[in-house]
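S.K.: Let me give you the structure first, and then I'll get to my questions.
The values are calculated or read from the model by the stated rules, or taken from the named source; none is laboratory data. Just so you know, these numbers come straight off a predicted model, no measurement behind them. Glycine gets a Cβ as well: all are built from the backbone with ideal geometry, and neighbour counts include every protein chain shown.
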Ligand code: GDP
């Protein structure tokens, strides 16, 4: 049984801020809040979804802790579907902590992580995918990620899942009628038209799963971000390229070889994907002990990178050291950037690099002028599986959804195969039901309670 007691938590960040909000939810929210508030009209008489001035007092001493505005929302018309009171006072951890303590001393219990969202889900205010979108929205690092979360919150993923479920439901109705009333509707597999209807309906659902799955790689990158490492010999222009990519000066740029001895990190974004870009020490043989450490770190960073941008000095051409480095990257997600195209004809170096790494995109760039940067970004995005994704469509950004969709797709493949093979309708029904259950995990209709609890427990307190 879920505990339905009245809960309270700080809903805003506990950093210094102009405004801070303590949220109270549950049957006694208005009573408990009234105990600690001074308002002109009694809280119980305050109309729903309105703001009134308030002072928060400490119940034992009557000391005024803070002042601000109070909002009341009555069940079922609130975020959680319960009575909700929001105390909007000043920000800052001490003030917010004291306001929360006052509400708790009035009888509320501290909310568990994600408990407000969980209650909203239980009340049917949000489905599971939408509740998860609230978390993604709050955690979004780029505008593109934020938009994807908004779309999920507004129900884009849920809608697609609903369409797939409806299509399977249509197929099942026809399948089950043929099982239950073969004399009235006929055996499914002897009826060409019925078989085609079932086949089309299951295929529709399969296509929806495939379309959603096609966005999963991009969606994962969008929410989790990636690590990109710029690597190559000293002085080929790695720092300059990092600066050009991030659009402002950050790394130390110098004509003396070996200045970037440690790893310089820069946060940037390409196509909305948050990128942790690392500028590494030039990879070369060196006698300098400090530089050796830098080189070792550079190699380590290359090993763990999601994408490597191997930088070549196009003015010098591909040196034997470059060639050895490029060969060591075979099989990796790598883009070769042949730099300094403003100062020299780099075509020969581009061709040579392409021969050494046949599957990697090779792009001529000039960090100094910005030439080739859009092509470099495109090459990076295509390595990340982020090209050809309709960023306005529903995006799958969660590993949980991806897993459920894969299982739904497998079940639908099995159902379609059974149908094609002319095996009994009962077998098709089993797989069709399994597919519906998988889709239902995404919206929470068929997710087990402990799984749901696990999802909400990863939310932060006050959400
Ligand atoms: P790193 O050691 O690989 O990080 O190389 P830097 O970014 O420090 O650049 C080394 C030298 O190459 C500096 O003098 C830069 O000004 C120069 N450089 C970098 N990029 C370009 C470019 O696109 N064109 C030209 N002409 N010079 C560049």
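S.K.: Have a look at 15, 29 and point out the one that is touching a residue at least 40 places away in the same chain (Cβ under 8 Å), assigned by TED's automatic domain parsing to the domain that holds residue 78 and under 20 Å from residue 90 (Cβ atoms).
M.R.: Working: 29 fails: under 20 Å from residue 90 (Cβ atoms).
From the options 15, 29, the qualifying one is 15.
S.K.: For segment 353-372, which residues satisfy the criterion of being away from the ligand (no atom under 16 Å from the Cβ) and either surrounded by fewer than 18 Cβ atoms within 10 Å (Cβ to Cβ) or in a loop (DSSP other than H, G, I, E, B) (or both)?
M.R.: Within segment 353-372, 354, 355, 357, 358, 359, 360, 361 meet the criteria.
S.K.: What do you reckon, is residue 179 out of contact with any strand residue (DSSP E or B) (no Cβ under 9 Å at 6 or more places or on another chain), surrounded by fewer than 21 Cβ atoms within 10 Å (Cβ to Cβ) and part of a helix (DSSP H, G or I)? Quick ask: steps written out before the conclusion?
M.R.: On the way: out of contact with any strand residue (DSSP E or B) (no Cβ under 9 Å at 6 or more places or on another chain): yes; surrounded by fewer than 21 Cβ atoms within 10 Å (Cβ to Cβ): yes; part of a helix (DSSP H, G or I): yes.
Here the answer is yes, as residue 179 does meet what is asked.
S.K.: If you check residue 388 against the conditions, is it farther than 22 Å from residue 281 by Cβ and modelled with pLDDT under 95? Before the answer, list the steps.
M.R.: Details: farther than 22 Å from residue 281 by Cβ: yes; modelled with pLDDT under 95: yes.
In short, yes.
S.K.: Residue by residue through segment 262-303, note down the ones that are out of contact with any helix residue (DSSP H, G or I) (no Cβ under 9 Å at 6 or more places or on another chain), modelled with pLDDT of 75 or more and either exposed (fewer than 14 other Cβ atoms within 10 Å of the Cβ) or assigned to a strand (DSSP E or B) (or both).
M.R.: Of everything in segment 262-303, those that are out of contact with any helix residue (DSSP H, G or I) (no Cβ under 9 Å at 6 or more places or on another chain), modelled with pLDDT of 75 or more and either exposed (fewer than 14 other Cβ atoms within 10 Å of the Cβ) or assigned to a strand (DSSP E or B) (or both) turn out to be 265, 276, 300, 303.
S.K.: Right, another one. How many residues are in a loop (DSSP other than H, G, I, E, B) and either modelled with pLDDT of 85 or more or crowded, with 20+ Cβ neighbours inside 10 Å (or both) if we restrict to segment 234-260?
M.R.: Just the residues of segment 234-260 that are in a loop (DSSP other than H, G, I, E, B), to begin with: 234-237, 247-260.
The next check asks that each one be either modelled with pLDDT of 85 or more or crowded, with 20+ Cβ neighbours inside 10 Å (or both); those that pass are 234-237, 251, 260.
Total meeting the criteria: 6.
S.K.: Name the residue, out of 6, 50, 14, that is touching a helix residue (DSSP H, G or I) at 6+ places or on another chain (Cβ under 7 Å), surrounded by fewer than 18 Cβ atoms within 10 Å (Cβ to Cβ) and under 26 Å from residue 115 (Cα atoms). Reasoning before the result, please.
M.R.: Numbers: 6 fails: surrounded by fewer than 18 Cβ atoms within 10 Å (Cβ to Cβ); 50 fails: touching a helix residue (DSSP H, G or I) at 6+ places or on another chain (Cβ under 7 Å).
On inspection, the qualifying residue turns out to be 14.
S.K.: Could I ask something else about it? Being in contact with a helix residue (DSSP H, G or I) (Cβ under 9 Å, 6 or more places away or on another chain) and either assigned by TED's automatic domain parsing to the domain that holds residue 437 or modelled with pLDDT under 95 (or both) narrows it down to one of 124, 62, 114, so name that one. If you could, list the steps in order and put the result at the bottom.
M.R.: Working: 124 fails: in contact with a helix residue (DSSP H, G or I) (Cβ under 9 Å, 6 or more places away or on another chain); 62 fails: in contact with a helix residue (DSSP H, G or I) (Cβ under 9 Å, 6 or more places away or on another chain).
Just one listed residue meets the conditions, 114.
S.K.: Scan 193, 143 and give me the residue that is touching a residue at least 24 places away in the same chain (Cβ under 8 Å) and surrounded by fewer than 17 Cβ atoms within 10 Å (Cβ to Cβ).
M.R.: Working: 193 fails: touching a residue at least 24 places away in the same chain (Cβ under 8 Å).
Of 193, 143, the one residue that is touching a residue at least 24 places away in the same chain (Cβ under 8 Å) and surrounded by fewer than 17 Cβ atoms within 10 Å (Cβ to Cβ) is 143.
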